[in-house]
Amino acid sequence: MSGLTDYIHLLERLDRSNLGQLRAVLSEDVFFSDPFNQVNGADAYLALLSEMFERLDSVSFTVHDSQQQDAVAYLYWTFSGHSGVTGWLNFQGSSRLTFDVSGKIDRHQDFWDSADLYEKVPVLGALFRWLRRQVAFREQ
(Lines give C-alpha, C1' and ligand atoms only; values in the text may rest on other atoms or scores of the structure.)
Protein backbone atom coordinates (compact mmCIF):
# COMPACT_ATOMS: atom_id res chain seq x y z
CA MET A 1 0.00 0.00 0.00
CA SER A 2 1.03 3.59 -0.52
CA GLY A 3 1.37 6.18 2.22
CA LEU A 4 -1.92 7.73 1.12
CA THR A 5 -3.77 4.41 1.06
CA ASP A 6 -2.37 3.52 4.49
CA TYR A 7 -3.41 6.91 5.90
CA ILE A 8 -6.96 6.63 4.54
CA HIS A 9 -7.24 3.10 5.93
CA LEU A 10 -6.15 4.29 9.39
CA LEU A 11 -8.27 7.46 9.30
CA GLU A 12 -11.47 5.59 8.49
CA ARG A 13 -10.89 3.18 11.39
CA LEU A 14 -9.50 5.72 13.84
CA ASP A 15 -10.46 5.50 17.50
CA ARG A 16 -8.85 6.05 20.91
CA SER A 17 -7.26 2.63 20.93
CA ASN A 18 -5.37 2.87 17.64
CA LEU A 19 -4.18 6.48 17.49
CA GLY A 20 -0.57 5.35 17.87
CA GLN A 21 -0.75 3.47 14.58
CA LEU A 22 -0.74 6.83 12.78
CA ARG A 23 2.95 7.20 13.69
CA ALA A 24 3.76 4.71 10.92
CA VAL A 25 2.55 7.16 8.26
CA LEU A 26 3.48 10.51 9.87
CA SER A 27 6.75 12.38 9.73
CA GLU A 28 8.05 13.22 13.22
CA ASP A 29 7.84 16.92 12.30
CA VAL A 30 4.41 16.78 10.61
CA PHE A 31 2.52 20.09 10.49
CA PHE A 32 -1.27 19.95 10.95
CA SER A 33 -3.79 22.76 10.59
CA ASP A 34 -7.56 23.18 10.46
CA PRO A 35 -9.85 26.20 11.08
CA PHE A 36 -9.13 26.02 14.84
CA ASN A 37 -5.70 24.46 15.28
CA GLN A 38 -2.10 24.58 14.14
CA VAL A 39 0.33 22.07 15.60
CA ASN A 40 3.85 20.93 14.76
CA GLY A 41 5.13 17.42 15.34
CA ALA A 42 3.63 13.95 15.50
CA ASP A 43 3.27 14.10 19.29
CA ALA A 44 1.25 17.34 19.11
CA TYR A 45 -0.93 16.03 16.26
CA LEU A 46 -1.69 12.80 18.13
CA ALA A 47 -2.42 14.79 21.32
CA LEU A 48 -4.88 16.94 19.37
CA LEU A 49 -6.65 13.82 18.04
CA SER A 50 -6.66 12.27 21.51
CA GLU A 51 -8.35 15.38 22.90
CA MET A 52 -10.94 15.21 20.11
CA PHE A 53 -11.80 11.65 21.20
CA GLU A 54 -12.10 12.84 24.82
CA ARG A 55 -14.54 15.60 23.85
CA LEU A 56 -16.61 13.73 21.27
CA ASP A 57 -18.33 10.37 21.03
CA SER A 58 -18.95 8.25 17.93
CA VAL A 59 -16.22 9.97 15.91
CA SER A 60 -15.84 8.81 12.33
CA PHE A 61 -14.18 9.91 9.13
CA THR A 62 -15.39 8.69 5.75
CA VAL A 63 -13.13 9.41 2.79
CA HIS A 64 -15.18 9.73 -0.40
CA ASP A 65 -12.42 10.59 -2.84
CA SER A 66 -8.66 10.95 -2.98
CA GLN A 67 -6.22 12.13 -5.59
CA GLN A 68 -2.45 12.09 -5.53
CA GLN A 69 0.17 13.47 -7.85
CA ASP A 70 3.78 13.08 -6.84
CA ALA A 71 4.19 14.24 -3.22
CA VAL A 72 0.81 16.02 -2.92
CA ALA A 73 -2.56 14.42 -2.23
CA TYR A 74 -6.10 15.64 -1.65
CA LEU A 75 -8.93 13.98 0.25
CA TYR A 76 -12.65 14.73 0.25
CA TRP A 77 -14.25 13.44 3.44
CA THR A 78 -17.16 13.54 5.88
CA PHE A 79 -16.59 13.93 9.62
CA SER A 80 -19.19 12.79 12.15
CA GLY A 81 -19.21 12.92 15.92
CA HIS A 82 -21.41 13.66 18.90
CA SER A 83 -20.94 16.26 21.63
CA GLY A 84 -23.06 16.96 24.68
CA VAL A 85 -22.85 20.67 23.82
CA THR A 86 -23.62 20.59 20.10
CA GLY A 87 -25.37 17.28 19.55
CA TRP A 88 -24.49 15.47 16.33
CA LEU A 89 -21.87 17.01 14.08
CA ASN A 90 -21.72 16.01 10.45
CA PHE A 91 -19.81 18.02 7.88
CA GLN A 92 -17.74 17.67 4.75
CA GLY A 93 -14.24 18.93 4.17
CA SER A 94 -11.08 18.39 2.24
CA SER A 95 -7.46 17.85 3.18
CA ARG A 96 -4.22 18.68 1.44
CA LEU A 97 -1.43 16.27 2.34
CA THR A 98 2.23 16.43 1.41
CA PHE A 99 4.70 13.57 1.72
CA ASP A 100 8.40 13.68 2.53
CA VAL A 101 11.03 11.71 0.59
CA SER A 102 10.41 8.63 2.75
CA GLY A 103 6.68 8.69 1.87
CA LYS A 104 5.50 9.90 5.27
CA ILE A 105 3.03 12.76 5.70
CA ASP A 106 4.83 15.96 6.61
CA ARG A 107 1.91 18.37 6.16
CA HIS A 108 -1.83 17.87 6.67
CA GLN A 109 -4.09 20.87 6.14
CA ASP A 110 -7.85 20.48 6.67
CA PHE A 111 -10.34 22.81 5.01
CA TRP A 112 -13.95 22.85 6.18
CA ASP A 113 -16.65 25.42 6.92
CA SER A 114 -16.42 26.23 10.63
CA ALA A 115 -19.90 27.82 10.44
CA ASP A 116 -21.23 24.25 10.30
CA LEU A 117 -19.88 23.83 13.84
CA TYR A 118 -20.86 27.30 15.09
CA GLU A 119 -24.47 26.70 14.00
CA LYS A 120 -24.67 23.81 16.47
CA VAL A 121 -23.57 25.84 19.52
CA PRO A 122 -26.48 26.99 21.71
CA VAL A 123 -27.27 30.74 21.38
CA LEU A 124 -24.38 31.33 18.97
CA GLY A 125 -25.95 28.85 16.56
CA ALA A 126 -29.14 30.89 16.22
CA LEU A 127 -27.08 33.93 15.25
CA PHE A 128 -25.12 31.99 12.63
CA ARG A 129 -28.29 30.44 11.15
CA TRP A 130 -29.90 33.91 10.95
CA LEU A 131 -26.76 35.35 9.35
CA ARG A 132 -26.63 32.53 6.80
CA ARG A 133 -30.25 33.25 5.82
CA GLN A 134 -29.45 36.94 5.41
CA VAL A 135 -26.53 36.46 3.04
CA ALA A 136 -27.86 33.45 1.11
CA PHE A 137 -29.01 33.85 -2.48
CA ARG A 138 -32.77 34.13 -2.74
CA GLU A 139 -34.15 32.97 -6.03
CA GLN A 140 -36.72 35.44 -7.39
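Here the condition is being within 14 Å of Leu11 (Cβ to Cβ), surrounded by 12 or more Cβ atoms within 10 Å (Cβ to Cβ), of a type in the set (A, V, I, L, M, F, W, C) and under 15 Å from the mean Cα position of the chain (by Cα); of Phe79, Phe91, Phe111, it holds for Phe79 alone. Among residues of the range 7-54 being among the polar types (S, T, N, Q) and part of a strand (DSSP E or B), the one that is surrounded by the most Cβ atoms within 10 Å (Cβ to Cβ) is Ser27.
Only a single criterion out of (1) within 17 Å of Leu49 (Cα to Cα); (2) free of Cβ contacts under 8 Å to residues at least 40 places away in the same chain is not satisfied by Asp70, namely (1).
When the criteria are applied in full, Ser94 meets the requirement of being outside any helix (DSSP H, G or I), among the small types (Gly, Ala, Ser) and touching a Phe, Trp or Tyr at 6+ places or on another chain (Cβ under 6 Å).
Do we find that Asp116 is of a type in the set (Asp, Glu) and in a strand (DSSP E or B) in this structure?
No.
Remark: pairs (first residue in the range 94-110, over 15 Å from Gln67 (Cβ atoms) and free of Cβ contacts under 8 Å to residues at least 60 places away in the same chain; second residue of a type in the set (A, V, I, L, M) and surrounded by fewer than 16 Cβ atoms within 10 Å (Cβ to Cβ); Cβ separation under 9 Å; 6+ apart in sequence or on different chains) = Val101/Ala71.
So, Leu97, is that one modelled with pLDDT of 95 or more, over 17 Å from Trp112 (Cα atoms) and crowded, with 16+ Cβ neighbours inside 10 Å or not? For Leu97, the condition - modelled with pLDDT of 95 or more, over 17 Å from Trp112 (Cα atoms) and crowded, with 16+ Cβ neighbours inside 10 Å - is not met.
With respect to (1) part of a loop (DSSP other than H, G, I, E, B); (2) modelled with pLDDT of 95 or more, the lone exception for Met1 is condition (2). Aliphatic (A, V, I, L, M), surrounded by 12 or more Cβ atoms within 10 Å (Cβ to Cβ) and more than 27 Å from Gly3 (Cα to Cα): does that describe Leu127? Judged against the criteria, Leu127 is a match.
The values are calculated or read from the model by the stated rules, or taken from the named source; none is laboratory data. Remember, predicted model here, so these are calculated numbers, not experimental data. Using ideal geometry, Cβ is built from the backbone for each residue, glycine included, and neighbour counts are taken over all protein chains shown.
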